[in-house]
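The values are calculated or read from the model by the stated rules, or taken from the named source; none is laboratory data. Computed from a prediction, not measured in an experiment: that's the story for all the values here. Note that each Cβ is placed from the backbone with ideal geometry, even for glycine, and that neighbours are counted across all protein chains shown. Just the protein is used for accessible areas: all its heavy atoms, side chains included, with ligands, DNA and RNA removed. Shrake-Rupley method; radii C 1.70, N 1.55, O 1.52, S 1.80 Å.
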Amino acid sequence: MEVVNTGKNVMDMLNELFNDLNRDDLSLIERLPYVREYERYRDVITNILREFHIALVLVRITFNDGSRKLRLPNKG
């Protein structure tokens, strides 16, 4: 994996993510870190942010044609 600096701000990246999530050809959406059935995703991220003062959220989207996008909006 390679880190690519897009030069975009967080709102632009979130808008791209929302556009991808609105597509009709999604086959899989994965979020990291993983959460257990009884946990809320935002609580897990909040706890990481409190403990380490930085949180990274990875969203991997797979489409019906097999193409993938990786989204890495972060807050620190």
* **Label-point gap, in nm, between Ser67 and Asn9 - each point 7 angstrom along Cα→Cβ** => 2.8 nm
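With a 1.4 Å probe and all protein chains left in place, how much of the accessible area of the chain comes from carbon and sulfur atoms, in whole percent? Intermediate values should be presented prior to the final figure.
Values: 3270 of 6270 Å².
About 52 percent, which is the carbon plus sulfur part of the accessible surface.
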* **Extension gain, Glu39 back to Asp25 (0.36 nm per residue minus Cα-Cα distance, nm)** => 2.2 nm
* In degrees, nearest ten, helix 41-52 long axis to first principal axis of the chain (Cα) -> 50 degrees
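When only the heavy atoms of the protein chains count and the probe is 1.4 Å, how do Arg23, Arg36 rank by accessible area, highest first?
Working: Arg23 90, Arg36 140 Å².
Greatest to least solvent exposure: Arg36, Arg23.
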* Asked: Considering only protein heavy atoms, what is the solvent-accessible area of Lys8 at a probe of 1.4 Å, reported in Å² to the nearest 10?
  -> 90 Å²
* **Exposure of Leu21 as accessible area (Å², to 10), given a probe of 1.4 Å and all protein chains** => 70 Å²
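Using just the helices of the chain, give the 222 nm mean residue ellipticity in deg cm²/dmol: DSSP H runs with n ≥ 4 each add -39,500 (n - 2.57), and the total is spread over all residues, rounded to 500. Intermediate values should be presented prior to the final figure.
On the way: 2 runs with 24 residues, N = 76.
One gets -10000 deg cm²/dmol as the mean residue ellipticity at 222 nm.
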* Asked: So what is log10(I(q)/I(0)) for the chain at q = 0.13, 0.25, 0.28 1/Å, when the Debye sum runs over its Cα atoms only?
  -> -0.46, -1.28, -1.33
* Structure fact -> The answer for the longest stretch of the chain without any exposed chymotrypsin sites (Phe, Trp or Tyr not before Pro) (DSSP loop, at most 14 further Cβ atoms within 10 Å) is 39-76
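Ignoring ligands, DNA and RNA, how do Asp24, Asp12, Asp65 rank by accessible area with a 1.4 Å probe, largest first?
On the way: Asp24 155, Asp12 70, Asp65 115 Å².
Ranked list, largest accessible area first: Asp24, Asp65, Asp12.
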